[in-house]
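To start, the structure itself, in structure tokens.
Computed from the coordinates by the stated procedures, all read-outs in this text should not be read as laboratory data. Since the structure is predicted, the reported quantities are computational estimates derived from the model, not experimental observations. When we count neighbours, we look across all protein chains shown, and the Cβ atoms used for this are built from the backbone with ideal geometry, even at glycine.
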Amino acid sequence: MTALQESIALAAISVQPLLQARVRRKAYGDRPVLQNVPLDIAAGEVVSLVGASGCGKSTLLRIVAGLDTQYDGQVHLAGQPQQGITRDIGFIFQEPRLFPWLTVAENVAFDLGRAGRSHPQVRELLAEVGLAGFEGRLPKQLSGGQAQRVAIARGLFTRPRLLLLDEPFSAVDAFTRARLQQLLAEVARRHGLALLLVTHDVDEALFLSDRVVVLEARAGAELQVIENPLPRPRHREDASLGALRVLDALRHAHAF
Ligand SMILES: Nc1ncnc2c1ncn2[C@@H]1O[C@H](COP(=O)(O)OP(=O)(O)OP(=O)(O)O)[C@@H](O)[C@H]1O
Ligand SMILES: [Mg+2]
């Protein structure tokens, strides 16, 4: 390869999005839920997905995660077609979904089975999410916010490049929520992670993300994309300045 060809190839790699999802159609029975949804996410980019209840946000996340393969379209991760679940994509749900009979350490290292509990990364990750020393506890001995921190540590254990989060903080109180948002922003930056976050909280979307994608309530309608002009790290007060724009877009997307 000549130097010129090499630099062209490198340029092509650097502009290729980490995630390229093209959902032509996803229906349950005869009822279409998603139609012509294009979604690209660059490496390290944070994107929020907002829209009315039932408009298909969780469905889109499940497709991207490889949990749902019954749709018409393709998902590519770093240029490779995605077939089923992969360690490159982590998933954090609305509730922690910890296994009650496993310790915190075993839940974090679930990917490796029980033997993984003494993996050095377990301690590192638990310390990172503020739970140093919690290794041996059972989920019933944790608060809701602590349990969700364990879920974040578990989501990071496989060293994913993209983390999907479906309303991850909606079950915790406002103060815990603010702390977990901060934690997520730091973790994403430190690990160079891309995030796709479903949220109903417009301030959360603006505080955390580079772009807010508004999914229409009617399948097939165009996505609206709002670029967040605020540089990182963002401040909570700045986020509320942009909230009006997102609320306006949501109104146009028939979310309320
Ligand atoms: N397994 C299923 N079988 C049939 N219909 C389904 C199934 N899962 C979801 N749906 C329907 O698909 C639509 C999209 O659901 P989805 O869970 O993706 O919405 P959502 O945007 O995540 O909503 P919410 O904000 O309430 O979580 C809804 O109308 C829902 O009723
Ligand atoms: Mg949902």
*Using only alpha carbon pairs under 8 Å that are at least six residues apart, calculate the relative contact order of segment 35-172 and give it in whole percent.*
30
*Provide the per-residue ³J(HN,Hα) series for segment 187-204, in order, calculated from phi with Karplus coefficients 6.51, -1.76, 1.60 and θ = phi - 60°, each as a whole number of Hz, with x at glycine and proline positions.*
4, 4, 5, 5, 8, x, 7, 8, 10, 10, 10, 8, 8, 9, 9, 5, 5, 4
*Excluding Gly51 itself, what net charge comes from residues whose Cβ is under 9 Å from its Cβ, given Lys and Arg +1 and Asp and Glu -1?*
0
*Once you've got the GNM for the chain with C-alpha springs shorter than 10 Å, pick whichever of Pro233, Pro160, Pro96 has the biggest mean-square fluctuation.*
Pro233
*Pick out, from Val64, Ala105, Gly144, the residue whose Cα sits farthest towards the positive end of the charge dipole of segment 1-154, with +1 on the Cβ of Lys and Arg and -1 on the Cβ of Asp and Glu.*
Gly144
*asked:* Quick check of the Kirkwood formula: for the chain, what is the inverse mean of 1/r over all pairs of different Cα atoms, in Å?
replied: 19.2
*Local charge sum around Gly73 (other residues, Cβ-Cβ under 14 Å, Lys/Arg +1, Asp/Glu -1)?*
+2
*Among Gly192, Gly44, Gly54, residue whose mean-square fluctuation peaks in a GNM of the chain (springs only between Cα atoms under 10 Å)*: Gly54
*asked:* About the Cα centre, and with charges only on the beta carbon of Lys, Arg (+1) and Asp, Glu (-1), how big is the dipole of the chain? Nearest 20 debye, please.
replied: 520
*Compute the signed sum of charges (Lys and Arg +1, Asp and Glu -1) over the other residues within less than 12 Å, Cβ to Cβ, of Ala185.*
+3
_Over segment 98-159, what is the relative contact order in percent, taking alpha-carbon pairs closer than 8 angstrom and at least six residues apart?_
45
*Taking the chain as a Gaussian network, where each spring joins two C-alpha atoms under 10 Å apart, which residue of Gln20, Gln80, Gln182 fluctuates the most?*
Gln80
_Tell me the mean residue ellipticity at 222 nm calculated for the chain from its helices only (DSSP H runs of n ≥ 4, each -39500 (n - 2.57), averaged over every residue, nearest 500)._
-11000 deg cm²/dmol
*Hey, got the dipole for segment 17-81? About the Cα centre, +1 on K and R Cβ, -1 on D and E Cβ, debye to the nearest 20?*
160
*Long-range amide H contacts for Asn36: which residues qualify at under 5 Å (H placed 1.01 Å from N, peptide plane, sequence gap of 5 or more or a different chain)?*
Arg24, Arg25
_Restricting to bridges with both residues inside the chain, how much of the DSSP beta-bridge set is antiparallel, in percent to the nearest 5?_
55
_Can you tell me how segment 79-211 classifies by the Cα gyration tensor, rounded, prolate or oblate, using a/c under 1.5 as the rounded cut?_
oblate
*Using DSSP to define loop residues, name the chymotrypsin sites (Phe, Trp or Tyr not before Pro) in segment 79-139 whose beta-carbon has at most 14 other beta-carbon atoms within 10 Å.*
Trp101
*Taking the Cα centre of segment 73-138 as the origin, how large is its charge dipole in debye, to the nearest 20, when only Lys and Arg (+1) and Asp and Glu (-1) carry charge on their Cβ atoms?*
140
*Relative contact order for segment 127-256 using alpha-carbon pairs under 8 Å, separation at least 6, rounded to a whole percent?*
19
*If amide H atoms are built 1.01 Å from N in the plane of the peptide, which residues on other chains or at least 5 residues away come under 5 Å of the amide H of Leu223?*
none
*Rounded, prolate or oblate: which fits segment 57-135 when a ≥ b ≥ c are the square roots of the eigenvalues of the alpha-carbon gyration tensor, with rounded for a/c under 1.5 and prolate only if a/b beats b/c?*
prolate
